[in-house]
Amino acid sequence: MGNARSQCDALIIGAGHNGLVCAAYLAAAGLKVTVLERRSVVGGAAVTEEFHPGFRNSVAAYTVSLLNPKVIRDLELARHGLTIVERRLSNFLPTADGRYLCIGGDATGTEVAKFSARDAQRLTEYGLRLDRIADVLRALVLQTPPNVVRGDWRAALPQLLRAARAGERVRRLDLPLQRELLRLFAASAGDYLDGWFESDPIKAVYGFDGIVGNYASPYTPGSAYVLLHHVFGETNGRKGVWGHAIGGMGAITQAMAKSATARGVDIRVRSAVREVLLEQGRAVGAITDDGEAIRARAVVSNLNPKLLYGQLIDQAALSEEFRARIAQWRCGSGTFRMNVALSELPDFSCLPGKQLADHHTAGIILAPTLKYMEQAYFDARMGGWSRQPIVEMLIPSTLDDTLAPAGQHVASLFCQHVAPQLPGGESWDAHREHVADLMIDTVTRYAPNFRAAVLGRQIMSPLDLERTFGLIGGDIFHGALQLDQLFSSRPMLGHADYRGPLPGLYMCGSGTHPGGGVTGAPGHNAAREIIRDFRRRYHPSPAP
Ligand SMILES: Cc1cc2nc3c(=O)[nH]c(=O)nc-3n(C[C@H](O)[C@H](O)[C@H](O)COP(=O)(O)OP(=O)(O)OC[C@H]3O[C@@H](n4cnc5c(N)ncnc54)[C@H](O)[C@@H]3O)c2cc1C
């Protein structure tokens, strides 16, 4: 163990976007904050890197909507260089029979009517109802969930009030909407959408949100919540809309880092933490890989709870029951992520043309039906990856000329389903190249010029995501978004208030409420709780 050299109020392990947000709020409240990041760049899964000479792209997360407007405002992200633009079209979905569906803008109704006049009529009602329910979620995103506590009424009362406030939000919905909310938390995305629509393309466009990062069939119970999780955001004030950060997702975290640094936060990269320092059961600092011990009044983890409590804490300090719960924390997305450098835009058979058009700016969903998505999941369960995978392709260079040389492009391929762990104990390192070929072939089936246009590629298998970012099983959310791992149960009952079982040790990452996505919300909420504790213990300061 090294010497106790440094001293700060709060030591944050990990400079993912939530670690940076938490740091900025703590510093704004007057705390002295140090952030330690294992990689050479801050941002965690929200980073932009050059992956092929002259071509840059968001490496992992690739599109923005969930980033909370209060966080954008409070951290003055625009002043620190962040610009977010809207796509010209939300989604483009080629169908198996050579037609296509475009979603977004005025033509949506006409587009859906190509497949079903009834579905076109139901679109507005569907959007309105989902939005009313998403409003409940929006209102809870920046709240600390009611926590299960032991003790007398003094401990229980604040939690009861929180529960009552959350309940009141739900109560304000009329009864049919309350029933729908329950359905969205418990049912499958497929069953939910089958109840609304009859034609495949619109169900596929909406249903895709239910399997994003969720290693499941769209007919798996609980997948409707994942769909809901992807609609509570907004872009520049437009609810439910997804946009693009100029410069890629790294522009968001670079702006956050600037904001934090301007408030005095000390951010150190290439500083992996190997152990949380404990004294008499209390977290008092951390030890880095090169043996430096840094002491702090509060230690805050931006890591997946399984990584924190499984690898960085002396197991003897944790109860057997807590260790068992952490061991059962379900992690693992069915995600395979690629970035490709392109000499030209894809020329889709169903909507020909290599000149930039609206559909090139959309989230291009290559998975024509929910049944196709279900088969993709079954394939991955049996054989490790789907023979006919689901690919969402985004070509951000159509909206942002900072990413690729003039006339050329970069595309993000967000591919599902692959097994987080391959059957038979095989390594992803042995299969990543030919699975990447399969993904390129899948796009080429719809756009025949695609394979020849690929100048370079970056591959992120689930194992690569784990090794590069610390995302266990490639889990993009730091833990599955299922009922027993949400809200008061995230990461577990009794620890939903960003405090773990060890005094002085807090959590601020996506493994806490409201879960994964580039939201900034866990970082914001954790900061509020930490400031509250400092105010009680040390000195008065305002909470965010
Ligand atoms: C492939 C992929 C695609 C996605 N697409 C989107 C999208 O388009 N839009 C969206 O909103 N969300 C998307 N997500 C989800 C979103 O990116 C994540 O949920 C979110 O970025 C997690 O942020 P975080 O700050 O909680 O944690 P992370 O970003 O995981 O940050 C944790 C940080 O801790 C560091 N760290 C780990 N171990 C140590 C250690 N021992 N010592 C010091 N530092 C350590 C890591 O290097 C990392 O920087 C995607 C995620 C992935 C992986």
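Observations on the structure shown:
- Debye, to nearest 20: dipole size of the stretch 286-396, +1 on Lys, Arg Cβ, -1 on Asp, Glu Cβ: 300
- Cβ-derived FRET efficiency at R0 45 Å, Ala186 paired with His434, nearest 0.05: 0.70
- Hydrodynamic radius (Kirkwood) for the stretch 52-109, which is based on Cα pairs only, to one decimal in Å: 14.9
- Cross-link pairs beyond the 18 Å C-alpha cut-off, checked among Lys203/Lys354; Lys114/Lys203; Lys70/Lys239: Lys203/Lys354
- Point-to-point label distance, Val149-Ala327, nm (Cα→Cβ direction, 7 Å offset): 3.1
- To the nearest 10, the accessible area of Thr83 is 70 Å² with a 1.4 Å probe.
- Taking 0.36 nm per residue of sequence separation and removing the Cα-Cα distance, the Ala156/Ala262 pair yields an extension gain of 34.3 nm.
- Residues listed by number, the stretch 365-379, amide nitrogen under 20 Å from Arg118 label point at 7 Å toward C-beta: 369-371
- Scattering profile of the stretch 352-399 at q = 0.17 Å⁻¹ [log10 I(q)/I(0), Debye over alpha-carbon scatterers]: -0.60
- Of the residues Ile267, Phe232, Leu160, the one whose Cα sits farthest toward the positive end of the charge dipole of the stretch 139-274, with +1 on the Cβ of Lys and Arg and -1 on the Cβ of Asp and Glu, is Ile267.
- P(r) weight above 26 Å for the stretch 173-298, C-alpha pairs, percent: 53
- Ordered by 1.4 Å accessible area with all protein chains kept, Asp209, Asp400 run largest first as Asp209, Asp400.
- When the solvent-accessible area of the chain is split by element, carbon and sulfur atoms take up 51 percent of it, the probe being 1.4 Å.
- Our compactness index for the stretch 215-257, the C-alpha radius of gyration over the empirical 2.2 N^0.38 Å, is 1.56.
- Where Tyr100, Tyr446 fall by accessible area, highest first, once all protein chains stay in place (1.4 Å): Tyr100, Tyr446
- Mean projected area of the convex hull spanned by the Cα atoms of the stretch 451-497, taken over all viewing directions: 5.0 nm².
- Under the convention that each Lys and Arg Cβ holds +1 and each Asp and Glu Cβ holds -1, the size of the dipole of the chain around its Cα centre is about 1680 debye.
- Here the stretch 468-544 is assigned +1 on the Cβ of each Lys and Arg and -1 on the Cβ of each Asp and Glu. Its dipole about the Cα centre then comes out at about 380 debye.
- Taken over the chain, the percentage of Cα pairs per 10 Å bin, counting from 0 up to the bin with the maximum distance, is 4, 19, 30, 27, 15, 5, 1, 0.
- Solvent exposure ordering (accessible area, 1.4 Å, most first) of Asp97, Asp358: Asp97, Asp358
- The label-point distance for Glu76 and Leu175, in a model that sets each label 7 Å from Cα toward Cβ, rounds to 5.2 nm.
- More than 27 Å apart - percent of Cα-Cα pairs taken over the stretch 25-163: 54
- The relative contact order of the chain, computed from alpha carbon pairs under 8 Å that lie at least 6 residues apart in sequence, is 24 percent.
The values are calculated or read from the model by the stated rules, or taken from the named source; none is laboratory data. The structure presented is a predicted model; accordingly, all values stated were derived computationally and were not measured. No Cβ is skipped: glycine too gets one built from the backbone with ideal geometry, and neighbour counts run over all protein chains shown. We work out accessible area using only protein heavy atoms, side chains counted, and drop any ligands, DNA or RNA first. Shrake-Rupley method; radii C 1.70, N 1.55, O 1.52, S 1.80 Å.
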